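The values are calculated or read from the model by the stated rules, or taken from the named source; none is laboratory data. None of the values given here were measured: they were computed from a predicted structure. Neighbour counts are summed over all protein chains in view; Cβ atoms, including those assigned to glycine, are modelled from backbone coordinates with ideal geometry.
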Amino acid sequence: MNIDFEAFAKLLAPVLTLLVGAVVKHFTEGRAKVISFIGHVSSFTIQDAQKTQVYTHSVIVRNAGRRPATNVRLGHHALPPNVRVEPQVQYSIERNPDGAAEIVFPTLVPKEQVTISYLYYPPLTWNQVNAYAKSDEGFAKVISVIPMVQPPREVIWVFWALAFVGASFLTYWLVKLVAVVI
């Protein structure tokens, strides 16, 4: 029985591409993924008799994954006394004897984002406050944020459709190459 490798490759390429894409998506998106970034850093001079300096900054912690992130910990070298968490979610503060502290969130559900704002006075500066962010799933990825406009949903669908066509084309030629070698 003769097998038409051309027809076989044409049928196998899209199916194989779809399966590989599903497996890759499962392993890359099917878990909690905690990210952290600095929201803002500010300094204010209060116009009083002493011209008091006040510093403020915020840190955003987000679960960008598809599973809940458990035991999310935001570590601090020095935790200022004025801290605000938005939105109001359950958290606790665990202090170490050496002055370091952790803000602990029991769970961040998928796509949940929490903003922690700090208010403090000199000589403490923003880079002396935060140490790390981690969860039971591992350390958070600290990212640099540049605001950008999100593309329309149609553009995203076209991008993924073209990526699928390109991957199918590549798979087709790989199957055809294997057929020639065999």
Condition check for A64: within 25 Å of the chain's Cα centre (by Cα) and closer than 18 Å to K141 by Cβ: yes
Leading residue by the ranking (farthest from I38 (Cα to Cα)) among those in the stretch 115-136 that are of a type outside the set (S, T, Y) and in contact with a Pro (Cβ under 7 Å, 6 or more places away or on another chain): L124
Single unsatisfied condition, F44 versus (1) closer than 26 Å to K111 by Cα; (2) at pLDDT below 90: (1)
Pair list, Cβ under 7 Å, 6 or more apart: the stretch 90-107 residue part of a strand (DSSP E or B), other residue basic (K, R) and crowded, with 16+ Cβ neighbours inside 10 Å: E102/R73; V104/R73
Hits in the stretch 108-132 (condition: under 17 Å from V41 (Cβ atoms), in contact (Cβ under 8 Å) with a residue 40 or more places away in the chain and outside any loop (DSSP other than H, G, I, E, B)): T115, I116, S117, Y118, L119, Y120, W126, Q128, N130, A131
Test: residue in the stretch 144-159 that is surrounded by 13 or more Cβ atoms within 10 Å (Cβ to Cβ), within 22 Å of V41 (Cβ to Cβ) and not small (G, A, S): no
Which listed residue, of V54, V72, is surrounded by 16 or more Cβ atoms within 10 Å (Cβ to Cβ), of a type in the set (V, I, T) and not assigned by TED's automatic domain parsing to the domain that holds A167: V72
Qualifying residue in the stretch 83-103 (condition: surrounded by 14 or more Cβ atoms within 10 Å (Cβ to Cβ), in contact with a Lys or Arg (Cβ under 6 Å, 6 or more places away or on another chain), assigned by TED's automatic domain parsing to the domain that holds K134 and not hydrophobic (A, V, I, L, M, F, W, C)): yes
Residue in the stretch 24-51 that is surrounded by the most Cβ atoms within 10 Å (Cβ to Cβ), counting only those that are touching a residue at least 60 places away in the same chain (Cβ under 8 Å) and outside any loop (DSSP other than H, G, I, E, B): V34
